[in-house]
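Below is one structure; the comments refer to it alone.
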Amino acid sequence: MNISYNWLKELIDIELSPEETAAALTRVGLAVEGIHPHKNDLVLDIDLTSNRSDCLSHLGVARELGVITGRSLKATSGSTAAGDELDAVPFPSVLAPEVVRVDAPELCNRFTARVIRGVKIGPSPEWLVDRLEALGERSINNVADITNYVMLELGQPMHAFDLDKLAEKRIVVRTARAGEKITTLDEAERELDETMLAICDAERPVAVAGVMGGFESGITEATTNVLLEVAYFKRENIRQTSRKLGLATEASYRFERGVDIENLIRASDRATELIVQLAGGEAADIVDVYPQRQPERTVRSANVASAVKRLTGLDVAADECERILSSLGIARISDGEYSSPTWRHDIAIEEDLVEEVARHAGYENIKDELPPAFGAGEYQTSEVRKRRLRGALVEQGFDEAIAYSFIDVRHDDLFAAVPEFLREGGEDKFVTLKDSVIEGSVRMRPTLIPGLLGALRLNLNHQRRDVKLFEIGKAFAASGMGELPTERELFTIAVTGGEVHEDRAMPARQLDLYDAKGAVEAALEAAGAVNCDYRPAEISHLRAGQSGEVVKDGRVVGTFGRLNEEIAANYKFKQPVYVAELDLQTILAEPSRPAVYTLLSRFPAVVRDISFLVPRSLTFAEVQSSAIGADATNLRAVSFVDIFEGKGLADDVRSLTIRLEFRSDERTLTDAEVDEEYSAVLAKLKNELSLEPRT
Amino acid sequence: MSDANQHIEAARTAFAEAFGPFDQLALNGSGLAEAEAKLRELGELKVRHTGKKSALAEAKKMIGRVAPEERSDFGQAVQAAEKEITDRLEKAEAELNEFITSARIERERLDVTIPGRRSRTGHLHPITILRQQIEDIFVSMGYAIEDDREIETDYYNFDALNIPEGHPARESQDTFYTTGGFALRSQTSTVQIRAMERRGVPIRIIAPGKVFRRDTPDMTHVPMFHQIEGLCVDKGITMAHLKGTVTEWLKRLFGEETVTRFRPSYFPFTEPSAEFDFTCFVCHGSGRVSSEQSAASSEKGEDGGELLTAHSSQLTDRCRPCKGSGWIELGGSGMVHPNVLRACGVDPAVYSGFAFGFGLERMAAMMFNIDDIRHMFENDVRFLEQFR
Ligand SMILES: [Zn+2]
């Protein structure tokens, strides 16, 4: 809201400089964002909060300054002093039905009209043009400018019709008929519906109530008789109409936030006075249709000063509270009861009174205090484990990503979601936005993988070929039956390129599946998720034969592997990309298991390494579990040593080397004992898996 | 006797002749292998001239055989010869060894300025770094961390927060809706309600989390960002506690000298309401910095968001984070609206509380001097690796 400093001084005697005025207003919540010179005036740019529609005028801002300075408002020429008297116009005016009929009193709570005959439309005088221009308004003609001027002064929007363009020279306020059309002042044709309030003449709409006047009934140079409308409309209805029409005006802005229903006559008088003065003509009596006077709104507060103390800690004397409230127009009706001013739509409860007193007493006078001690703070139960998980990944060279939660529909069904999350079915298994601000991105992500792949693409575009990313965040799935969607916290990684060493330009080696898997293992271990198994699995977004799933306590909790060719091609990835996605929420739902101590053996272990040619379909895990099952009581561990493929071996086999560790807690094993158990293991592997040791 | 002396003389002469090349070793310019070969050669020469079968050994054996009256002189002559031979051998040997040792050191000299070998360390997202710092501060102040749903019903996103149907904040086009009619939460204040329902009062929580607004991405707007919401409800809580708490955590984050400022404002879920600012962490409220500081902050190097401290030199340039005002506007706050308390089954006549909230992206952008807020969600490694 632009406010003229000179204009303010016409409304209240203040001795504050423009800068002091700005500081004083900012202090009470009318934030002055800037002071801009205009000719011999200074314009204050005030950023108003949406509850303070009363300050969308110079009168409103002057009222705040009145509280600040302790001075009362000056009477503006002619009107103010007479205001109260004029409110007592016969009700309803005897003339009313001939000129104005309100058919929708629930949407138009009050309507005034005044006819001014014999005006001469022409340019506005310089002072008026200047004042409007200072506030960023364009001058149109004297009558239109006056309606704008009075709106800026008193906050009440109004509209002037060419009386002779109104059929039967009368006004009917009613809801529009479906499909009824009107060309508004901006020369656009608009179609109305039956929820919208229209100002009509005897035949058709001549204005969209509270939003914009009609083009045909508007003031032109040929106009001689004017009908001045000053009215009050239901706020919600104006907002709705303005939304539906996509038409926001200075008038609709004020009406939807709330104007002062008891200020209509004063505003009409002020405009009439100026019209007669600047455009000539003779004003008739005002017609005031006010079917149901709004009941006075009251606020109960047994003791404002003690409420102020209770909520803000401020000590404000009772008479200072009264002074602030009464200067704001909040009158004390009786003990414990205050009236809420008709221009303040935001004063309804005691806490509102507290705010009024506190902001004028000054928030800077509120002390800094800490609440009394309460108890120990606590992290979310999973936070400590998530921090460890993040730490483990950072140690392994991963950068943490955060991607948008909405993704493009083109990712639909390309990626397998974590188990027991998405329902079966088509699009309705996803959570979808009605619209998005990013083209196509209307799906709430069911997986974090597309976000990370997009990031890999971006980094490759910037010549970063060696990238490891992880993200922890929520994925979303529809639950159906009108239930809130399911939200699941996932942990996802994507890696590509080589193993980078700090400060060294060349990567040490290319990353492969085992780097991705190693990161998953390290992360899960750091998060205290033990007992995880990994097994081969076919996953839709992963390349067959290089993919697996993570199993924890018998439940599949995630997948890992190399991105399949089709998706890789979509992203134009020319180097292998490995991804893993885990259901972190499910994993962390299990408590982490405490460490269990086992006795340190006093006896040495004997190890035997042994190599086999294994078919590619046979896994280390199968070999390991077969060996462990052998009749060998002192076999303590079967571990992986090496795997070799290629040169010198047939395509369908690999050479696998494992290590057997034998140890007893009671004695040192003899060679013979070890030999016997070793043979038992070999026999088991031979019988079960047809494996022969390589020599 | 002369036989014997002749023998010594012969041994000496033979040694002198063989030792010739070792007298002036002139090792400069020779290689390690050459020196090692010479050392081996010298070893052989030593065996030949001082070993059991050497002429010198022969001469020693003769000592017992010469006439007793000559024995002493002869013995001394043999000793002198032996000493001369071994001295020369040892000198050459020492010279060679010294050369070999230093040649070996040279050959194995390493370049200690080459970067050490260590895998690249990754980086947490700046939002995580800031969130963890702030969580740590609040946990130490007795707050519990909470989070909850990101997709909400209108009840939690609006009604319970005293934003009834028809309220401008609700009808604004800011909120994302799903086709099922649910809202992506537009502020973390939803967690106030969920947490009070779950925990009851008294309560002290902060709730960090994602929120969503229908803003088209540009340098200062993103449709998804992070907020931290704080809530404290108990008997006797006042705005003084709000101010004290906000001031305390900002001091812990930005330093003891930080000052806060509260300005009256409006939020549907608080009454009275206030926006809060704090003194700029770069210029400490003056709005001015020295030209070195502004140069440092515009060309910030590897340290990313290193906090700059005031300089004694002339403060001539406009400070960037606060745009010269000395203050940084951070967030909104106020006393929890009685309707919000009632919605959670809390009696506003008995309990009162404060709430505050602020955006992490904006804060991080100021702290780290980030020019374009969209970088936060692009996951460009060049961006991410600037923070730790
Ligand atoms: Zn600054």
Among strands (runs of 3 or more DSSP E) entirely within the stretch A:268-337, at least 3 residues that are buried (at least 21 other Cβ atoms within 10 Å of the Cβ) occur in A:282-289
### Query
Has the stretch B:66-89 got any residue that is among the aromatic types (Phe, Trp, Tyr) and either modelled with pLDDT of 90 or more or more than 30 Å from B:GLN6 (Cβ to Cβ) (or both)?
no
Please determine whether any residue of the stretch B:117-129 is in contact with a strand residue (DSSP E or B) (Cβ under 8 Å, 6 or more places away or on another chain), within 9 Å of chain A (Cβ to nearest Cβ), open to solvent by 30 Å² or more (accessible area, probe 1.4 Å) and over 30 Å from A:GLU489 (Cα atoms).
yes
Here the residues within the stretch B:371-388 that are aliphatic (A, V, I, L, M) and either within 11 Å of chain A (Cβ to nearest Cβ) or buried (at least 20 other Cβ atoms within 10 Å of the Cβ) (or both) are B:MET376, B:VAL381, B:LEU384
Pairs returned, first residue in the stretch B:319-334 that is within 12 Å of chain A (Cβ to nearest Cβ), second residue that is at pLDDT below 90 and more than 7 Å from the ligand (Cβ to nearest atom), beta-carbon separation under 8 angstrom, 6 or more apart or interchain, are B:TRP327/B:GLY285
Among A:VAL437, A:VAL431, the single one that is under 23 Å from B:TYR177 (Cβ atoms) and at pLDDT below 95 is A:VAL437
Among the residues of the stretch A:461-475, the number that are buried (at least 20 other Cβ atoms within 10 Å of the Cβ) and more than 9 Å from chain B (Cβ to nearest Cβ) is 1
### Task
Please tell me if A:ASP399 is facing another protein chain (nearest Cβ under 7 Å) and either on the phi > 0 side of the Ramachandran plot or touching a residue at least 60 places away in the same chain (Cβ under 8 Å) (or both).
yes
Of the residues in the stretch A:668-695, those that are in contact with a helix residue (DSSP H, G or I) (Cβ under 9 Å, 6 or more places away or on another chain) and in a loop (DSSP other than H, G, I, E, B) come to A:LEU669, A:LEU691, A:GLU692
When restricted to B:GLY116, B:GLY20, B:GLY75, the only residue without any contact (Cβ under 8 Å) to a residue 24 or more places away in the chain and outside any helix (DSSP H, G or I) is B:GLY116
Residue hits (the stretch A:473-499; free of Cβ contacts under 8 Å to residues at least 40 places away in the same chain and not in a loop (DSSP other than H, G, I, E, B)) are A:GLU487, A:GLY498
If you check A:GLU622 against the conditions, is it open to solvent by 70 Å² or more (accessible area, probe 1.4 Å), among the acidic types (Asp, Glu) and in contact with a Leu (Cβ under 8 Å, 6 or more places away or on another chain)?
-> yes
Worksheet item: Yes or no: A:ARG663 open to solvent by 80 Å² or more (accessible area, probe 1.4 Å), under 21 Å from A:SER601 (Cβ atoms) and of a type in the set (Lys, Arg)?
Response: no
Determine if the stretch A:353-368 includes at least one residue that is buried (at least 17 other Cβ atoms within 10 Å of the Cβ) and more than 12 Å from chain B (Cβ to nearest Cβ). no
Requested in this report: Could you check, for the stretch B:176-189, whether at least one of its residues is aliphatic (A, V, I, L, M), in the same structural domain as B:GLN133 (by TED's automatic domain parsing) and modelled with pLDDT under 95?
Outcome: no
Yes or no: the stretch A:443-459 includes at least one residue that is open to solvent by 30 Å² or more (accessible area, probe 1.4 Å) and either assigned to a loop (DSSP other than H, G, I, E, B) or in contact with a His (Cβ under 7 Å, 6 or more places away or on another chain) (or both). no
When every residue in the stretch B:325-370 that is within 28 Å of A:GLU350 (Cα to Cα), under 34 Å from the mean Cα position of the chain (by Cα) and open to solvent by less than 10 Å² (accessible area, probe 1.4 Å) is compared, the one farthest from the ligand (Cβ to nearest atom) is B:PHE356
Considering only helices (runs of 4 or more DSSP H) wholly within the stretch B:162-272, the ones with at least 2 residues that are more than 8 Å from chain A (Cβ to nearest Cβ), closer than 28 Å to B:MET376 by Cα and open to solvent by 10 Å² or more (accessible area, probe 1.4 Å) are B:239-254
The one condition A:GLU502 fails out of (1) open to solvent by 20 Å² or more (accessible area, probe 1.4 Å); (2) touching a residue at least 12 places away in the same chain (Cβ under 8 Å); (3) closer than 21 Å to B:ASN379 by Cβ is (2)
Wholly inside the stretch A:539-612, strands (runs of 3 or more DSSP E) that include 3 or more residues that are under 19 Å from A:LEU414 (Cβ atoms) and open to solvent by 50 Å² or more (accessible area, probe 1.4 Å) are A:542-552
With the first residue restricted to the stretch B:155-184 and required to be on the phi > 0 side of the Ramachandran plot, and the second required to be in a loop (DSSP other than H, G, I, E, B) and crowded, with 21+ Cβ neighbours inside 10 Å, Cβ contacts under 9 Å at 6 or more apart or on different chains are B:ASN162/B:PRO268; B:ASN162/B:PHE269; B:ASN162/B:HIS337
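The values are calculated or read from the model by the stated rules, or taken from the named source; none is laboratory data. Everything numeric here is computed off the predicted structure, so don't read it as measured data. All Cβ positions, even for glycine, are placed from backbone atoms using ideal geometry, and neighbour counts span all protein chains on display. Side chains included, ligands, DNA and RNA excluded: accessible areas come from the protein's heavy atoms. Shrake-Rupley method; radii C 1.70, N 1.55, O 1.52, S 1.80 Å.
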